[in-house]
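The next block holds one structure in the form of C-alpha cells; read it before the comments.
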Amino acid sequence: AAAAAQDTERGRKLFADTRGATGRPVGDCIACHANGDALRGMIENRGGNPKDQRFVRAVLQKSIEGSVPGAANAKAQYRGVLTARDLDDLSAYIAKAHAS
C-alpha cells in the first residue's frame, strides 16, 4: 500500500509547538533544536543526510525508542505521544526546512 503523503506544514507545527499540536505535556522540539546547523550536524553524526526524510525519520524513531546514545533521556517524553503520522510529518519538515 502506498504511504500517505507527508504534511510538512503539520510537521512545522509539531516542531514549533509539540505540546500544543499533541495536547500532551511534552517539550517543544524547537526548544532544543532551533539551530538548523546544529540539527543538521546531529543527523550527519548519525551517519546520514539531513535532507533524506527517510533517514531523519529513522533517527527520530530510534531516538524516541532510546537506542541513540545521548538522546534516550531527552526523547523518552515522546514515547507513546508521537504517532507514526507525526513522525512522518515531522521528519518531512526537518528534511525540507533544515536542508542547507
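The values are calculated or read from the model by the stated rules, or taken from the named source; none is laboratory data. All values derive from a computational prediction rather than experimental measurement. Neighbour counts run over all protein chains shown; Cβ positions are idealised from the backbone, glycine included. Just the protein is used for accessible areas: all its heavy atoms, side chains included, with ligands, DNA and RNA removed. Shrake-Rupley method; radii C 1.70, N 1.55, O 1.52, S 1.80 Å.
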List the pairs whose first member sits in the range 64-88 and is closer than 14 Å to PRO25 by Cα, whose second member is part of a loop (DSSP other than H, G, I, E, B), and whose Cβ atoms are under 7 Å apart, counting only residues at least 6 apart or on separate chains? ALA76/GLY66; GLN77/VAL26; GLN77/GLY27; TYR78/VAL26; VAL81/ARG24; VAL81/VAL26
Output the residues belonging to the range 68-85 that are part of a loop (DSSP other than H, G, I, E, B) and either modelled with pLDDT under 85 or in contact with an Asp or Glu (Cβ under 8 Å, 6 or more places away or on another chain) (or both). VAL68, PRO69, GLY70, ALA71, ARG79
Give the number of residues within the range 39-63 that are within 20 Å of GLN6 (Cα to Cα) and open to solvent by 70 Å² or more (accessible area, probe 1.4 Å). 4
Count of the range 10-27 residues which are of a type in the set (S, T, N, Q) and either over 11 Å from the mean Cα position of the chain (by Cα) or open to solvent by 30 Å² or more (accessible area, probe 1.4 Å) (or both): 1
For the range 28-38, check the following and say yes or no: at least one residue is surrounded by 19 or more Cβ atoms within 10 Å (Cβ to Cβ) and modelled with pLDDT under 90. no
